Amino acid sequence: MAVDEQLPKGYTPHIGQTRQYWRDIILGVNDGLVSIFLLVVGVVSGGFDRGEILLTAVAGAIAGAISMAAGEYLATKSQDEVFDAELALEKSHIRQFRALEITQLRGFFHEMGVEESDLEGVMAAFEHNDTALLNAMAALEFGVVDSERRSPFRAMFASGLLFLAGSLPSILPFVLLSSIGAALAIATALSLVGLFTVGAVKAYVAKTSRVKSGLENLIVAGVGGLVAWGIGRAFGATVV
């Protein structure tokens, strides 16, 4: 019988193995939507022609995707290396200072709300089990749980590819339409729909208000768009 079939009616399951990658998913697509939209708004208001707008947007999308992918890979790999070093040190502590580690673990459980009268029973499971003690200390002292650790490669591809996906609503209208005004209007509409959708999806996963989260995303992008338009107009008037 499948695990889901064993769940009682009304039980809401957790997100599961994708949980640790939702940061990359939301950040990647949202950053692509916002940054390329603001870039396009800025260069349109600056007086660029259609070819220049496309070149700027595509170059920005490619550069942004590579930057996001490289940044996520290096950050995730560095975090993993720090965790591995901490776990290696923790193994050494358990071998050489077991009594101190047991005392620390007891303190963690006490801070979590385990009653003093129950601590002896809880600690008995870790007294002579190095693996259980290491896993418990890793989770409670460093926040390291194997199932929550992120693959650097998955984080890299998720961030980079989703950044590119987020950039498409601002690029495709200028590919398909010759009118800059019409292309900008459609790019704006598509980007706003995308931003609201990303906010709503994030809220769905986080079980908060989808409308509120979607509107927050729209407001941030809207304010940024006005700023980008103003800067583009000012720069264009100065240079051109």
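Applying the Karplus relation 6.51 cos²θ - 1.76 cosθ + 1.60 with θ = phi - 60° to the range 72-82 yields 3J(HN,Hα) values of 5, 4, 5, 5, 5, 5, 5, 4, 4, 5, 5 Hz, where x marks Gly and Pro. Taking square-rooted eigenvalues a ≥ b ≥ c of the alpha carbon gyration tensor, is the range 70-124 rounded, prolate or oblate, where a/c under 1.5 means rounded and, failing that, a/b exceeding b/c means prolate? Since a/c reaches 1.5 but b/c is at least a/b, the shape of the range 70-124 is classed as oblate.
Which shape class applies to the range 42-183: rounded if a/c is under 1.5, otherwise prolate when a/b exceeds b/c and oblate if not, where a ≥ b ≥ c are the square roots of the Cα gyration tensor eigenvalues? Prolate is the answer for the range 42-183, as a/c is 1.5 or above and a/b outweighs b/c.
Charge tally around Lys91: other residues with Cβ under 12 Å, Lys/Arg +1 each, Asp/Glu -1 each, net -3.
Rule-based calculations on the coordinates, nothing more; no lab input. All values derive from a computational prediction rather than experimental measurement. So basically every Cβ, Gly included, is an ideal-geometry build from the backbone, and we count neighbours across all protein chains shown.
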